[in-house]
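The values are calculated or read from the model by the stated rules, or taken from the named source; none is laboratory data. Not measured: the values here are computed from a predicted model. Because the Cβ atoms are built from the backbone with ideal geometry, glycine has one as well, and the counts that use them run over all protein chains shown. Heavy atoms of the whole protein, side chains included, go into the accessibility calculation; ligands, DNA and RNA do not. Shrake-Rupley method; radii C 1.70, N 1.55, O 1.52, S 1.80 Å.
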Amino acid sequence: MERINAWTTYDENQLSELEEICKGYRNFLDAGKTERTCVKEIIRQAQAHGYRELSALAKEKTVLKAGDKVYRVCMNKTVVMFEIGEKPLSEGMNILGAHIDSPRLDVKQNPLYENGDFAYLDTHYYGGIKKYQWVALPLAMYGVICKKNGEVVEVAIGDKEDDPVFFVSDLLIHLAQEQMEKKANKVIEGENLDIVFGNKKLDGKDKDAVKDGVLQILRSMYDMSEEDFLSAELEIVPAGAARDAGIDRSMIMAYGQDDRVCAYTSLLAMLTQPAGEKTTCCLLTDKEEIGSVGATGMRSMFFENSVCELMDAMGCFSELALRRCLSNSSMLSSDVNAAYDPMFASAFDKNNASYFGRGMVFSKFTGSRGKSGSNDANAEYIARIRRIMDDNHICYQTAELGKVDVGGGGTIAYILSLYGMEVIDCGVAVLNMHAPWEVTSKADVYEAVKGYRVFLRHA
C-alpha cells in the first residue's frame, strides 16, 4: 500500500519533460489570473491546436465527423472542448472537468470613496478566504468595464514591471494590542478589505480632491465615468508571477492554483492526446468557489446544451441519444486536495492524506461531516481507474480532505453524477489552499498530465 515518491522514478528525459510542462503551467497562471483571462488563454491554445468554434460551424451548417475538434464558450467565463471519436456519441464520452475561478476580492458596483485623504475601492470577497491573509501585500486589478454604448474595455493593472500595485492596509503592531486579541475570523472584517487606490489631491479642489483625481486618471486611461463602475467586473488578485519554490526548484508557488493546476493539466492532456474510439471532452467552468451557481457555473445548462449542439452538428441529436451519451460517459472531476502539512498535522488523517510528490490524488468521496454533499464513486469505477493508471505507470494516491468532522469540501462531481455517469474526484495536492499564494509539487503536476492523457485514451 506504500505509495512511492514520483521523483525517484524519473530519468533525465522525464525530468526535462517535467520542467517543460511546468514552465508552460507557470506561463498559463500568469496569463490567466481570472476566469475571463483563463478562457482567453485557453481559446488561444485550443485554436493553435486546430480547435474551431462550434457555434460558428453550426451557422455555416458544417457537418462534424470523427477527428474534428471544436470548442464552445459561455459568457467568456466557461469553456468546453470536444474531440470527436469513432464511436457514436450515444456510447458516451471521456470527460475531464475542472474549474477556473479562484478566491479573490471583487470590486463593488458603487465602490469609490474618499476618507482621510485616501481614495478607496470598496470590495466584497469571493469564495472562502482567511481575510487576514489579504492585507499588506501587493495586489493587481483585472476585469472589464462595459459601457452603455456597448464598448467593452479590458483592465489589467499591477503585473507589468512598471505598473502600480494596490493594497489593503493593516494596523501597525505598536497599536494592535486590541486587534491581536480577536479571533482570526475577526482580526480583519470583510467590510474592511477595501483597496487603497490613491492619495494625491487634485489641485484646486477642496472636497473629495483625491477621489476626483482618481476619476480624472480613469477618464484618461479608459474614458470611464464613475457611473461606469455600475457595469464593470473588476477583480483584485495578488500581484506577481508564478515562481519556482524550494532551493531544489521542486515546487511552484503562485496565485490561483486552486483550481487552475487541474484546469491546465486537463487542457494540456486534451490538446496533446488524440481521441481514441470515444469522443473526449474538457470542461473548464466558473463559479465553483461559490457553489457552481449562475449561468457560467456547473449547475447551469451550458454543458448539456453544448452536447446538444455537438450532436446536432453531427446529425445525430435526439433526446434519447443525449441521455444515453451523458449516462454512458466517464469523468474525472478534477480539483485540488489538501496536501499533508507537518506543521498542522493534527488536521489530517495521515493514512488518508495526500502528500507532495506522490502523484495525482483520487478521492472516492468528498463532502463534509457524514459525507454531506458528496459524490461517492462506485468501487467498480475505481477499480477501472486503478487498472488504467497502473497499466500506464502513473503515480497516484488516494486521500480525503482532512480528518472526519474537521472540515471537508467538494467540487463539480456531484452535479455531473446527476446524469448517471461514472464520476470520481481527483486532482493535485496543494499547500496553502485558498491563500493568496498556493504551492504545488512539480512532480504532481507532471503526473496529472500523464494521468489525464491515459484516461482520455483508455477510460
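Things worth noting here:
- Mean Cα-pair separation over length for the chain, i.e. relative contact order, pairs under 8 Å, 6 or more apart, %: 23 percent
- Acute angle (nearest 10 degrees) that the helix 209-222 long axis makes with the longest principal axis of the chain, alpha-carbon atoms: 40 degrees
- Take every DSSP beta bridge whose two residues both sit in the chain; close to 70 percent of them are antiparallel.
- Compared with the dominant principal axis of the Cα atoms in the chain, helix 379-391 is inclined by about 90°.
- Note on I217 and M180: their simple-model spin labels are 3.4 nm apart, each label 7 Å out from Cα toward Cβ.
- 0 to 90° range, to nearest 10: angle between helix 35-48 axis and the chain longest Cα axis: 40 degrees
- By DSSP, the beta bridges lying fully in the stretch 1-105 are antiparallel in about 75 percent of cases.
- Theoretical ellipticity at 222 nm over the chain - DSSP helices of four or more residues, -39500 (n - 2.57) apiece, nearest 500: -9000 deg cm²/dmol
- Estimated D of the stretch 398-459 in µm² per second, where Rh is the Kirkwood radius over Cα pairs and Stokes-Einstein applies at 4 °C, 1.567 mPa s: 93 µm²/s
- Highest mean packing first, where packing is the average number of other Cβ atoms within 10 Å per residue, the peptides 239-249, 440-450 line up as 440-450, 239-249.
- Computed lengthening from R369 to K160, 0.36 nm per intervening residue step minus Cα-Cα distance: 70.8 nm
- Summed residue charge, Cβ within 15 Å of N13's Cβ, Lys/Arg positive, Asp/Glu negative: -4
- For the residue pairs K350/K442; K108/K207; K40/K364, the C-alpha atoms sit more than 25 angstrom apart in K40/K364.
- Of all aspartates and glutamates in the structure, those lying under 16 Å Cα to Cα from K278, and not within fewer than 8 positions of it along the same chain, are D68, E83, E86, E91, E422.
- Relative contact order (%) - the stretch 301-459, alpha-carbon pairs under 8 angstrom, separation at least six: 33 percent
- The stretch 374-435 - percent relative contact order, Cα under 8 Å, separation 6 or more: 45 percent
- Estimated translational D of the stretch 1-121 in µm²/s (Stokes, Kirkwood radius over Cα pairs; 10 °C; 1.306 mPa s): 85 µm²/s
- For the pair S225 and N392 in one chain, pulling the backbone fully straight at 0.36 nm per residue adds 54.4 nm over the alpha carbon distance.
- Rolled with a 1.4 Å probe across the full set of protein chains, the surface gives R36 an accessible area near 60 Å².
- Between K130 and C316, the distance separating the two model label sites (each 7 Å from Cα on the Cα→Cβ line) works out to 5.0 nm.
- Residues of the chain: accessible area per residue with a 1.4 Å probe, Å²: 46 Å²
- The GluC sites (Glu not before Pro) of the stretch 13-82 that meet both conditions, a loop assignment by DSSP and at most 12 other Cβ atoms within 10 Å of the site Cβ, are E60.
- With the biggest extent put first, the Cα atoms of the chain measure 73, 57, 45 Å across the principal axes.
- Among the trypsin sites (Lys or Arg not before Pro) found in the stretch 142-205, those both in a DSSP coil and sparsely packed, with 10 or fewer other Cβ atoms within 10 Å of their Cβ, are K148, K160, K183.
- Among the GluC sites (Glu not before Pro) in the stretch 158-223, those placed in a DSSP loop whose Cβ has at most 13 other Cβ atoms within 10 Å are E161, E181, E189.
- Of all aspartates and glutamates in the structure, those lying under 19 Å Cα to Cα from K205, and not within fewer than 8 positions of it along the same chain, are E114, D117, E226.
- Partner lysines for K130 [C-alpha distance under 16 Å; skip if fewer than 8 residues away on the same chain]: K182, K183, K186
- Between L418 and A48, full extension at 0.36 nm per residue minus the direct alpha carbon distance yields a gain of 129.8 nm.
- Accessible surface of the chain [probe 1.4 Å, protein heavy atoms]: carbon and sulfur percent: 50 percent
- Taking the empirical scaling 2.2 N^0.38 Å for compact globular proteins as reference, the stretch 3-59 has a Cα radius of gyration ratio of 1.62.
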